[in-house]
Amino acid sequence: MNTDEIRKRFLDFFASKGHKIYPSDTLVPKDDPTLLFTSAGMNQFKQEFISKPAEFTRRATCQKCLRTGDLDKVGKTSYHHTFFEMLGNFSFGDYFKNEAISFAWEFVTEELKLKKDNLWVSVYLEDQQAYDIWKEKIGLDEARICKFGAKDNFWPSNAPQLGPNGPCGPCSEIFFDQGKDVGCGRSDCNPSCDCGRFVEVWNLVFTQFDRQGENKLAPLANKNIDTGMGLERIAAVMQGASNNFEIDVFKPIAAEIIDLSPVSGEDLQPKQISARNAIADHIRAVTFAIADGILPSNDERGYVIRKLIRRAVWHGRSLGIEKPYLYKVVPRVTRMMNAAYPELESKREEIAQVVLAEERRFRKTLERAVEYADQIIAKLKSEGKNKLPGREAFKLYDTYGLPFEMLEILVISRGFELDEDGFNLELEAQRKSSRKTSSMEESVFVDTLVSKYKLKPTKFVGDKVYFATTKVLAIFDQDDQAVEEAKEGDKVKTVLETTPFYGESGGQVGDTGIIKNKEVEVAILDTRKLEHTFIHIGEVLKGKIKVGDIVEPSIELERRKDIARNHTATHLLQWALRKVLGEHVRQSGSWVGPDRLRFDFTHFQALTERELQRVEQLVNDEIRKNTELDVEHMPFEQAQEKGALAFFGEKYQENVRVVAIGEVSMELCGGTHVSSTGEIKLFKIVHESSVASGIRRIEAVTAKAALGLLKKQEEELEQYTRNFQAAPDKLPQRIEELLRSVKELNRRLDKSRLENFKKRIEQIVKDALQIMDATVVTLQVGSADMRLLRSMSDLLREKVRPSVVILGSVWEDKVQIICAVTKELCAKGLDAARIIRTIAKEVDGSGGGRADFAQAGGRNPRGLNKALGLAQDIVKKELNKK
């Protein structure tokens, strides 16, 4: 049975049992800052588990998940993954253990037709109820029902004793016995053995307690069910595969990787098989993450994706792959997952381009990593040491992304030892920090205002009207504590039954305005949206506001109109970018405020001036047409069929709001917009830049802000015409003439300085340090650029041989250093590049080059004298060794 069929059968089975089938959430948990990634099926139902009333008390999903806690094991074991799919059924105060166990048994024995004699189960040793259901109702032989402690059969693990406080409960796991020929071979082997014979395929969690302290478990009023079955694991069982990497959705990806390598798939060594499997896992994770809008970067989620790509690049080297290749595997991943995730195929090209850009970036980073390692090692050598400290090794691993295996090779090749114990201490500290940040078990039940106070959804009317009459439902002080009233001067957060205020979401800022009646006036400085509840943040200006008051909220209208202009402009901007650059352009982020807009999009190089002008022109052409906007609500599937663009990585409800601008733009959007494009008046691009691999950013202004920008540019132009004494149309020519004049003056100045330098050479050489037969010149030159320093070093090398020349200067507040070594000394092992890399650190810089010539730049002029002194010491030490 293939993986797609197992997934479908699972969802169809639970639909037949009255479960509402929910689509997978994205890998970025929505409205949940406690999680780095979606790591379990229950994450998207967190509020229902806490106690929020559930519209559907029975649900089932196949959830995309990403975990990195066991990253070093991926590829080396049969079942560890970063990305995987989790099948799950859930009950919120509906059915409990009896039905959950019965459903699970029916599915695995009747739908999947697994032999009953191959199935074992475990229960929590104090959960007699679950034990009795398995034994009495299901009829399972008690020899195949194992009782385990809280470490293995309680969720969270060891919760009764170790916590955390909050909802928890015992669990029951279903295992598939692969037979006595697999694993340790012991006659008493059971699911507690880690030999590999027993495969855990399904975990049924019975959330029935509220932990209130060590070993203090109070019964929950509403008991819940949370189950999880790894799709890849059950597919391996169904397909008779010895490990997950041999199932139908992995084998073609693994084969593609080998096809891109020079090695034969039939002659792979164990380490190469491990590398191939790790690559297959990592490229799946990366593909899904980028499709959900998680792009490689140095920040949290983006850093994890960057790290996965870099590990895959390194593993590729084990297969003899030296050039970028991962991006070529992306199409295979999207094809293999197309049945369940067709959106991947439509994003295939941009995903591949992001991966390619990151592969290229890493190869450059490798060069910098080697340079950094050489600097550290050279410094340690000069101190008589021969071991790279754990802290420095971990920096190469963590900051530069070097896998540990590569780190070992790099250090050993330099004749050094690696402080592995120190490295492991640093690694464990990071893992603890990572678990604290991303672990669902530590923080999954942290309350928000909405769940803690059971706040009702707010009715939003602000897309049609700008004021309302409504009731105050709740008031919170600045510490988020509920209060019955607030007086003049108090900072408050207010919840209304109905509101015209837009709550910040979808990249659009929240509204500001006033909430008032005859007795009270509250200035609203911001509006936030928590789930479906709008939180109005502000300060009481006069009187008292009380829960139950009837008030009149009204927004700051002109500010809202400016925001609407900018928001509609982002839609036109995306259309224009796709028209000028191609269909690969997709929104990957935005920010819409009253004074400006920011739009991030997928593209892989900077826009030319001509492309920017064309984009700007297209947007302004549509503004002049004054096209009316059309807003409709429709099912998500219907919107997709119509070709509506969705935000990269966003999760949408079953019914969505579609904003169309004539024939040019159709997007899913919940924000506020103008009625017709003419209201935007004018669109002006301010800046274009890069924000991540394959992601560009355009910042722009509209209407009054755009006119203000044009006015400012006009005033600057008038200033330039006065300063350069030229008419506006003659200004470029005048500037060009002046630049040529400056260039000629600089050339003459350099020539003059070089002539003066020639006259001083005899004295410079005379004052230089002599070490045996070598002359060592270290000299600080006043205000010289790199070109002039090179010319001076050439003159010195011609004058005296053998010699080492190190010249430094401060040019336009930046440090410039060159190091030149004559061939005689290079032959003796003196290396200009090694010297320059070491001394560059003294000026907060970096550098490199050849053995006979190298250069560096830095940001700290105050360190130049120290750098030159250090260079002299290094050369003296090296030459005295020869």
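The values are calculated or read from the model by the stated rules, or taken from the named source; none is laboratory data. Predicted model only: the values in this text are computed from it and were never measured. Positions of Cβ are generated from backbone atoms using ideal geometry, with glycine treated the same way; all protein chains shown enter the neighbour counts. The area values use the complete protein model at the heavy-atom level, side chains included, leaving out ligands, DNA and RNA. Shrake-Rupley method; radii C 1.70, N 1.55, O 1.52, S 1.80 Å.
A few comments on the model shown:
- Hits in the range 135-176 (condition: at pLDDT below 95, among the charged types (D, E, K, R) and in contact with a helix residue (DSSP H, G or I) (Cβ under 8 Å, 6 or more places away or on another chain)): GLU142
- Taken as a whole, the range 429-442 holds at least one residue that is modelled with pLDDT of 70 or more, open to solvent by 40 Å² or more (accessible area, probe 1.4 Å), over 30 Å from TYR502 (Cβ atoms) and not polar (S, T, N, Q).
- When residues of the range 332-370 are limited to those that are small (Gly, Ala, Ser) and either assigned to a helix (DSSP H, G or I) or open to solvent by less than 10 Å² (accessible area, probe 1.4 Å) (or both), the one farthest from LYS8 (Cα to Cα): ALA369
- Complete set of residues in the range 548-564 that are open to solvent by 30 Å² or more (accessible area, probe 1.4 Å) and either in contact with a helix residue (DSSP H, G or I) (Cβ under 6 Å, 6 or more places away or on another chain) or within 28 Å of ASN620 (Cα to Cα) (or both): GLU556, LEU557, GLU558, ARG559, LYS561
- Unique residue being of a type in the set (A, V, I, L, M), in a helix (DSSP H, G or I) and surrounded by fewer than 22 Cβ atoms within 10 Å (Cβ to Cβ) when the list is ALA833, ALA840, ALA851: ALA833
- Some residue of the range 120-135 being charged (D, E, K, R), assigned to a loop (DSSP other than H, G, I, E, B), more than 24 Å from TYR95 (Cβ to Cβ) and over 39 Å from the mean Cα position of the chain (by Cα): no
- Per-region count, the range 665-722, residues part of a helix (DSSP H, G or I), open to solvent by 60 Å² or more (accessible area, probe 1.4 Å) and either touching a Ser or Thr at 6+ places or on another chain (Cβ under 7 Å) or over 28 Å from GLU558 (Cβ atoms) (or both): 5
- From the list GLY462, GLY513, the one residue that fits, being over 30 Å from the mean Cα position of the chain (by Cα) and on the phi > 0 side of the Ramachandran plot, is GLY513.
- Restricting attention to the range 502-547, the residues being open to solvent by 20 Å² or more (accessible area, probe 1.4 Å) and in a loop (DSSP other than H, G, I, E, B) number 9.
- Contact annotation: residue pairs with Cβ atoms under 7 Å, 6 or more positions apart or on different chains, pairing a residue in the range 577-592 that is farther than 25 Å from ASP562 by Cβ with a partner that is open to solvent by less than 40 Å² (accessible area, probe 1.4 Å) and in a loop (DSSP other than H, G, I, E, B), are ARG578/VAL585; LEU581/HIS603; VAL585/HIS603; ARG586/PHE648.
- The sole residue among THR775, THR702 that is within 30 Å of GLU679 (Cβ to Cβ) and in contact with a strand residue (DSSP E or B) (Cβ under 6 Å, 6 or more places away or on another chain) is THR702.
- As a summary of the residue check, PRO219 satisfies the conditions (1) surrounded by fewer than 17 Cβ atoms within 10 Å (Cβ to Cβ); (2) assigned to a helix (DSSP H, G or I); (3) not aliphatic (A, V, I, L, M) except for the one numbered (2).
- Residue that is nearest to LEU356 (Cα to Cα), among those in the range 600-610 that are surrounded by fewer than 16 Cβ atoms within 10 Å (Cβ to Cβ) and over 22 Å from the mean Cα position of the chain (by Cα): THR608
- Looking only at residues in the range 249-269 that are β-branched (Val, Ile, Thr) and modelled with pLDDT of 95 or more, the one that is farthest from VAL329 (Cα to Cα) is VAL249.
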